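Here the structure comes first, spelled out in structure tokens, and everything after it is commentary.
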Amino acid sequence: MESAVGCPWCAHGGDLRRLRDAGGGPDAVLERLRGAKGLGPLGARIFAREAQLAWNVFYPVVDGPAVEQARQFGLPEDAHALAEAAGGRERFVRLGAALTRVALDGPTEAVARAAGR
């Protein structure tokens with residue numbers, strides 16, 4: 001078993017909510033997450049993207065490939081503007097995940113046609 005030193009999960013009793021509630025903004029929470037063995041910057045960003053549905057500290061977040069894909073589709077690149085355009089928190093989180101998937105995997109033919117590509 002790993003000691004509590006250098007183990008953010010252990011220092012917070014293995015409860016991610018305590019890690020979140022330890023204070024600071026999104027960058028501080030991401031830093032604590034990245035302190036976990038095997039969880040680097042990309043993994044922490046992926047966690048933040050998915051957790052923002054329930055964790056206010058991360059809402060709204062859109063970054064990486066999703067921003068570029070939003071730009072290509074003529075959607076707002078700013079997280080707050082994109083959240084407003086999505087019409088709700090759950091829809092925004094789903095849209096961010098979908099934009100990321102499209103950016104990484106490419107759009108379906110129907111999506112490409114709808115976007116005028």
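Per-residue Karplus couplings for segment 88-97, computed as 6.51 cos²θ - 1.76 cosθ + 1.60 with θ equal to phi - 60°, are listed in order as x, 4, 4, 5, 5, 4, 5, 5, x, 5 Hz, Gly and Pro entered as x.
Averaging 1/r over each pair of different alpha-carbon atoms in segment 32-99 and inverting the result gives 12.3 Å, the Kirkwood hydrodynamic radius. For the chain, the mean residue ellipticity at 222 nm estimated from helices alone is -16500 deg cm²/dmol, where every DSSP H run of n ≥ 4 contributes -39500 (n - 2.57) and the total is divided by all residues, rounded to the nearest 500. Give the angle, between 0 and 90 degrees and rounded to the nearest 10, that separates the Cα long axis of helix 41-51 from the longest principal axis of the Cα atoms of the chain. With both axes taken from Cα atoms, the answer is about 70 degrees.
The slack in the chain from residue 18 to residue 31, taken as 0.36 nm per residue of separation less the alpha-carbon distance, amounts to 3.3 nm.
The trypsin sites (Lys or Arg not before Pro) found in segment 21-51 that occupy coil by DSSP, while having at most 14 further C-beta atoms within 10 Å, are 37.
Compute the length gained on full extension between residue 112 and residue 84: take 0.36 nm times their separation in residues and subtract their Cα-Cα distance, giving the result in nm to one decimal.
Working: separation 28, 0.36 × 28 = 10.08 nm, distance 2.32 nm.
Gain on stretching residue 112 to residue 84: 7.8 nm.
Length available on full extension from residue 68 to residue 94: 0.36 nm per residue minus the Cα-Cα distance, which gives 7.7 nm.
Taking Lys and Arg as +1 and Asp and Glu as -1, the other residues whose beta-carbon sits under 13 Å from that of residue 78 total -2.
Bear in mind that the values in this text are calculations on the coordinates, not laboratory data. The structure displayed is predicted, hence computed values, not measured ones. FYI the Cβ positions are ideal-geometry reconstructions off the backbone, even for glycines, and counts take in every protein chain you see.
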